[in-house]
Amino acid sequence: MASLTYLDLINQTDRSLSFLTYASTLLTPKSRSFPNPTLHPIPHAERLSTLHLFTAGTHTLGYVLPLVVSTLRLANLDYWEVTPTSVSLKGSNVEERSANMTATLDSWRKQQTFKVLSGSGWRNELYSVYSPSGELYLRMERSGAALFGVVTYGVGPSLRKACDVWLTRLWKGPLDSLCCSYRDPATADLDSSS
């Protein structure tokens, strides 16, 4: 059995992770991997060539699957601009663009267009989408973020207490992390987490 370095394990994980976790049912098994541009520049460029850019002017906000783009085209909404390589949301300010995105996602949810927007997937939680320059571009429903391939961040707190086990759950229920720790009473006064 070959031994792997930590970097080898990370690279294997990078290759095996799903590009769009919530929208993975839309993807074929071959298309689920999103190659690292530094380690695999050619596969990365090939994968990007299959996606449309979600843009704000000259800035890329995300990457959109062809199925989502074709759904936007069919919807024929006047506040979306769809070109052969990109999609852009019209609106002169954050509130207008956010309202346009909400109308799009709410319509798809009511029509059950994408599984990720239906049932327990819809969270009524807004994610802020920023341009690369750091300016707020729009706020959108969390469950729709994967459809537009925008960067999302979250915090998963893990709590620590001497000799106890703490479980953190994802919102859909599976265990996300498990930690167990022991605090030496002799050093308890040095520990700020007690």
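Listed values, structure above:
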item: Per-residue Cβ neighbour rank within 10 angstrom, fewest leading, 68, 87, 151, 82; result: 151, 82, 87, 68
item: At most 13 other Cβ within 10 Å, DSSP loop - GluC sites (Glu not before Pro), the range 55-150; result: 125, 135
item: Extension gain, residue 76 back to residue 60 (0.36 nm per residue minus Cα-Cα distance, nm); result: 3.6 nm
item: Kirkwood hydrodynamic radius (C-alpha pairs) into Stokes-Einstein, the range 58-143, 10 °C and 1.306 mPa s, D in µm²/s; result: 117 µm²/s
item: Packing rank of 69-75, 142-148, where each peptide gets the mean count of other beta carbons within 10 Å, highest leading; result: 142-148, 69-75
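All of the numbers you see were taken from the coordinates with simple rules; none came from a lab. Treat the numbers as computed from the prediction; the structure is a model and nothing was measured. As a convention, Cβ positions derive from the backbone with ideal geometry for all residues, glycine included, and neighbour counts pool all protein chains shown.
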